[in-house]
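Notes to accompany the following structure.
The values are calculated or read from the model by the stated rules, or taken from the named source; none is laboratory data. In this text the structure is predicted, and so the values were computed from the model without any measurement. Cβ placement follows ideal geometry from the backbone for every residue including glycine, while neighbour counts extend to all protein chains displayed. The accessibility values were calculated without ligands, DNA or RNA, using every heavy atom of the protein model including side chains. Shrake-Rupley method; radii C 1.70, N 1.55, O 1.52, S 1.80 Å.
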Amino acid sequence: MKTISLIGSTGSIGTQTLQVCKKHNIKVRALAVKKNTGLLEAQAREFLPEVVCIYEESLYKELRDRLSDTGIKVLCGMEGLCEIASLDTDLFVNSAVGMVGLLPTLTAIEHGRDIALANKETLVAGGHLVMSAAERKNVRIYPIDSEHSAIFQCLQGNKREQVRKLILTASGGPFFGKKKHELENVTPEQALAHPNWSMGKKITIDSATLMNKGLEFIEARWLFGIDPENIEIIVNRESVLHSAVEFDDFSVIGQMGVPDMKIPIQYALLYPERLDCDVKPLSFTDYGTLTFAKPDLETFECLSGCIEAIRRGGAYPCIVNAVNEEAVGLFLDGKIPFLKIGELVLESLKAFPMLPVESYEDIKKADSAAREYVRENI
Ligand code: MN
């Protein structure tokens, strides 16, 4: 029986990961969440892991009390997440949201654990560090994000050195076709209404600003070891083509399916098997038409900011990520307007000098400085 440990189990990816585990009889040895003790308790009683962890340390006692009759070991904080990442399982599934996911990833790699990765910040902030450590430890990283899973699937049976470019698709988000002046008064409710994908709050706002595509652009650069110049972003409004690869012979292989995260989650968990999945089959004739467009880099400054950040390298990807994370929180709290998110991302590129990233500490330092920058500039 295959075994996994999972952090971020109460989020959108986490709950769907558990559905896949249930369907395919995968043993869940550990669960971790940020603060949702109620749902974590329910999951723990259903999946009976040996250990659970609550990141928010103030909730440790509450969780321990809730599970006191189960014999399940309860951990807390970053130390707990890292203990879970080091557990002896077939796969460490990281679906935490934000920078908090980076250290557990590095810990899993140090212990030689293969990783199914949904946490974008791991590669955005620590791409070079993570990929070189994974290579050194011979650790495989299976992408869960739908676009990267698509590219990973298209590469199967093909030679990496015969790839001409990666074609990363975007849905365009709820504000596709809009210009800046039309986005001045966007409310959090409007930004949270995504046309195709149902996801957590942070990533839904990132999809509205196209920051999400920017983060994915950076992720793709590291995950597939490709020059940013050779990644093209295109909009597919229907989110049916999940991404594609162009090879040296100009043959393009794409991966398609209905927009449902269970497909990429299951592929990462069961790789290389393709077993039955609880999703709707794709019907081309129901769609009738698939539409494609170029992304609007002028309106969506978060996307152009990310592309510039990875071209420059160093700590810039980490900085734009941290600036965005802070800005999204402020926007959801009604403290800054929608367009200010992109503005802060672009301006941070001018505000910071080139900073080196040679260690986890370097990343933490750049991350903190970027968050401080946002607090000083609103
Ligand atoms: Mn995605």
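Odds and ends about this structure:
- For F176: the one exception among (1) within 15 Å of the ligand (Cβ to nearest atom); (2) open to solvent by 50 Å² or more (accessible area, probe 1.4 Å); (3) touching a strand residue (DSSP E or B) at 6+ places or on another chain (Cβ under 7 Å): (1)
- Some residue of the range 13-20 being at negative phi and open to solvent by 50 Å² or more (accessible area, probe 1.4 Å): yes
- Close pairs from the range 192-216: first farther than 14 Å from V235 by Cβ and of a type in the set (V, I, T), partner within 11 Å of the ligand (Cβ to nearest atom) and modelled with pLDDT of 95 or more, Cβ under 7 Å, at least 6 apart: I203/N212
- Among the residues of the range 308-318, those identified as over 17 Å from the mean Cα position of the chain (by Cα), open to solvent by less than 30 Å² (accessible area, probe 1.4 Å) and of a type outside the set (F, W, Y) are A309, G313, A315.
- Selection from the range 332-365 of residues that are assigned to a helix (DSSP H, G or I), open to solvent by 50 Å² or more (accessible area, probe 1.4 Å) and not small (G, A, S): L332, E343, L346, E347, K350, E361, K364, K365
- Residue within the range 181-190 that is more than 26 Å from F331 (Cα to Cα) and either touching a residue at least 12 places away in the same chain (Cβ under 8 Å) or touching a Leu at 6+ places or on another chain (Cβ under 7 Å) (or both) present: no
- Taken residue by residue, the range 260-271 has at least one member that is within 26 Å of A134 (Cα to Cα) and either of a type in the set (D, E, K, R) or at pLDDT below 95 (or both).
- T209 vs. criteria modelled with pLDDT under 95, among the polar types (S, T, N, Q), within 15 Å of the ligand (Cβ to nearest atom) and surrounded by 18 or more Cβ atoms within 10 Å (Cβ to Cβ): no
- Look at (1) away from the ligand (no atom under 16 Å from the Cβ); (2) within 15 Å of the chain's Cα centre (by Cα); (3) within 24 Å of S239 (Cα to Cα); (4) not acidic (D, E) and you find that R164 fails only one, number (2).
- Counting only strands (runs of 3 or more DSSP E) that sit wholly inside the range 1-106, those with at least 1 residues that are basic (K, R) and in contact (Cβ under 8 Å) with a residue 40 or more places away in the chain are 27-33.
- Candidates E135, E147, E161, filtered to the one that is touching an Asp or Glu at 6+ places or on another chain (Cβ under 8 Å), at pLDDT 95 or above, open to solvent by 10 Å² or more (accessible area, probe 1.4 Å) and in a helix (DSSP H, G or I): E147
- Neighbours by Cβ (under 6 Å, 6+ apart or cross-chain): first from the range 131-152, more than 24 Å from M261 (Cβ to Cβ); second away from the ligand (no atom under 11 Å from the Cβ): A133/I109; K137/I109; K137/G112
- Of all residues in the range 122-151, those that are away from the ligand (no atom under 12 Å from the Cβ) and closer than 23 Å to Q266 by Cβ total 7.
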